[in-house]
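In what follows, a structure is listed as structure tokens, so that the remarks can point back to it.
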Amino acid sequence: MTQEFIDDMTERFKKGKTLHKKYVYQIVIAVKKLVYDEPTMVEIDIPKDVELTVCGDTHGQYFDLMELFRLNGTPSEKHWYLFNGDFVDRGSWSTEIALLLYANKWLRPKSFFINRGNHETDDMNRAYGFEGECKAKYNERVFKLFSESFSALPLATLIGHKYFVLHGGLFSDDNITLDDIRKLDRHKQRQPGQAGLMMEMLWTDPQTEPGRGPSKRGVGMQFGPDVTKRFCEKNGLEAIIRSHEVRMAGYEEEHDGKCITIFSAPRYCDMTENRGAYINIGPDYKLRFSQFDAVPHPNIKPMVSPPARLASRAVVLTPVQAYANSSLMSSLM
């Protein structure tokens, strides 16, 4: 992989063109091998003269990602990036974003990082468009290769032993520590299932009330400020950084600043008037928030199975079906 190839690919995607399938195969297979060998929780320190940008959900909004790179700079050896899951589904350019992120990961494996989100899973990809997009733009094999690569992605990143970054949130058990995440063998289960550490890391949400409560999504649970405080104190953390939910400002600091939500898909699904945001972190480990707005894009609808069709397939709803039929705002993540 070269920067020249990435630059050419970026411009091709802007013009509505696709890659030759042989390049798609090479990129996805190479990155699957790379990320498979990474730990379940990647641990990084930010060197002198390096800046790390943490991005939240991008959900196939390729042209908004281009705007983020225009404003903030593209990935380089001095400008690291971490994408915190949910880069596919819903938006019309999920294959483009996935291939762009993967190409950067292949070129810069030690300075470009990708966490798995709840949408980097088979059920969600079938329900919310990525499988159909892969088949329409490429073929079924491309989707299967992406599926295998998604199951190999790390579930979390620890930045400077200060910030625990994962897509969803915290756990139903107060005894869970970072060591439990380090020891978690994610390769034993390709999909998150309906219970357990992997499911909670991909699906849970914060709440304002203390304690824990049922999830508005129908899968996972919600955790309060006391849960976050105990987890951070036990593990010597300043905060957790998560994504998974729209925030109208693009980000929100909750739980006395110990739970930070970052969301990088402005005007999400062309349905909400939210801004996008990202976090820059330097060697001083201070968090610097930046916001940005959506930009015009070609009028192409995402290839998404309607929730009503999903619900009609079974009397008892699976987690993904319950999720698809929940309230508008909670189903937007």
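Does ASP37 fit the bill of being over 20 Å from VAL295 (Cα atoms) and out of contact with any Cys (no Cβ under 8 Å at 6 or more places or on another chain)?
Yes, satisfied.
Of everything in region 247-265, what is surrounded by 21 or more Cβ atoms within 10 Å (Cβ to Cβ) and within 21 Å of the chain's Cα centre (by Cα)? Give them in sequence order.
Selection gives GLY250, TYR251, CYS259, ILE260, THR261, ILE262, PHE263, SER264, ALA265.
Does GLY218 meet the test of being buried (at least 17 other Cβ atoms within 10 Å of the Cβ), of a type outside the set (Val, Ile, Thr), within 18 Å of the chain's Cα centre (by Cα) and assigned to a loop (DSSP other than H, G, I, E, B)?
no
Just to check your reading of the model, which residue among PRO266, PRO296, PRO283 is in contact with a helix residue (DSSP H, G or I) (Cβ under 7 Å, 6 or more places away or on another chain) and either at pLDDT 95 or above or under 25 Å from GLY60 (Cβ atoms) (or both)?
Residue meeting the stated conditions: PRO266.
Collect the residues in region 179-215 that are in contact with a strand residue (DSSP E or B) (Cβ under 7 Å, 6 or more places away or on another chain), surrounded by fewer than 21 Cβ atoms within 10 Å (Cβ to Cβ) and part of a helix (DSSP H, G or I), keeping them in residue-number order.
Matches in region 179-215: ARG182 only.
Could you tell me how many of the residues in region 17-46 are in contact with a Pro (Cβ under 7 Å, 6 or more places away or on another chain) and either in a helix (DSSP H, G or I) or not aliphatic (A, V, I, L, M) (or both)?
Total meeting the criteria: 5.
Being touching a residue at least 24 places away in the same chain (Cβ under 8 Å) and either touching an Asp or Glu at 6+ places or on another chain (Cβ under 6 Å) or more than 17 Å from ARG247 (Cβ to Cβ) (or both) is the filter here; which residues of region 277-287 pass it?
ASN280, ILE281, GLY282, PRO283, TYR285
Any residue at all in region 65-83 that's β-branched (Val, Ile, Thr) and in contact (Cβ under 8 Å) with a residue 12 or more places away in the chain?
No: region 65-83 contains no residue that is β-branched (Val, Ile, Thr) and in contact (Cβ under 8 Å) with a residue 12 or more places away in the chain.
Just one of GLY56, GLY117, GLY73 is in contact with a strand residue (DSSP E or B) (Cβ under 9 Å, 6 or more places away or on another chain), surrounded by fewer than 21 Cβ atoms within 10 Å (Cβ to Cβ) and modelled with pLDDT of 95 or more; which is it?
That would be GLY73, the only listed residue that is in contact with a strand residue (DSSP E or B) (Cβ under 9 Å, 6 or more places away or on another chain), surrounded by fewer than 21 Cβ atoms within 10 Å (Cβ to Cβ) and modelled with pLDDT of 95 or more.
Go through (1) out of contact with any helix residue (DSSP H, G or I) (no Cβ under 8 Å at 6 or more places or on another chain); (2) touching a residue at least 40 places away in the same chain (Cβ under 8 Å); (3) within 25 Å of VAL35 (Cα to Cα); (4) surrounded by 20 or more Cβ atoms within 10 Å (Cβ to Cβ) one by one and return the number of the condition VAL227 breaks.
VAL227 satisfies all of (1) out of contact with any helix residue (DSSP H, G or I) (no Cβ under 8 Å at 6 or more places or on another chain); (2) touching a residue at least 40 places away in the same chain (Cβ under 8 Å); (3) within 25 Å of VAL35 (Cα to Cα); (4) surrounded by 20 or more Cβ atoms within 10 Å (Cβ to Cβ) except (3).
Check whether at least one residue in region 136-145 is within 27 Å of GLN3 (Cα to Cα), among the polar types (S, T, N, Q) and crowded, with 21+ Cβ neighbours inside 10 Å, and report yes or no.
No: region 136-145 contains no residue that is within 27 Å of GLN3 (Cα to Cα), among the polar types (S, T, N, Q) and crowded, with 21+ Cβ neighbours inside 10 Å.
Table: residues versus (1) of a type in the set (Lys, Arg); (2) in contact (Cβ under 8 Å) with a residue 60 or more places away in the chain.
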residue: ALA195; (1), (2): no, no
residue: LYS216; (1), (2): yes, yes
residue: VAL219; (1), (2): no, yes
residue: ALA239; (1), (2): no, yes
residue: ASN299; (1), (2): no, no
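Given the structure, is LEU158 touching a residue at least 12 places away in the same chain (Cβ under 8 Å) and crowded, with 23+ Cβ neighbours inside 10 Å?
no
Would you list the helices (runs of 4 or more DSSP H) that sit entirely within region 82-153 and hold 1 or more residues that are touching a helix residue (DSSP H, G or I) at 6+ places or on another chain (Cβ under 8 Å) and aliphatic (A, V, I, L, M)?
Hits in region 82-153: 94-107, 122-128, 140-152.
Of all residues in region 165-178, count the ones that are outside any loop (DSSP other than H, G, I, E, B) and surrounded by 22 or more Cβ atoms within 10 Å (Cβ to Cβ).
2
Looking at LEU100, is it modelled with pLDDT of 95 or more, among the aliphatic types (A, V, I, L, M) and either within 20 Å of LEU145 (Cβ to Cβ) or crowded, with 17+ Cβ neighbours inside 10 Å (or both)?
yes
Condition check: part of a strand (DSSP E or B) and under 20 Å from the mean Cα position of the chain (by Cα). Does THR53 satisfy that?
Yes: the conditions hold for THR53.
The values are calculated or read from the model by the stated rules, or taken from the named source; none is laboratory data. Owing to the predicted nature of the structure, the values given are computational and were not obtained by experimental measurement. Backbone-built Cβ (ideal geometry, glycine too); neighbour counts: all protein chains shown.
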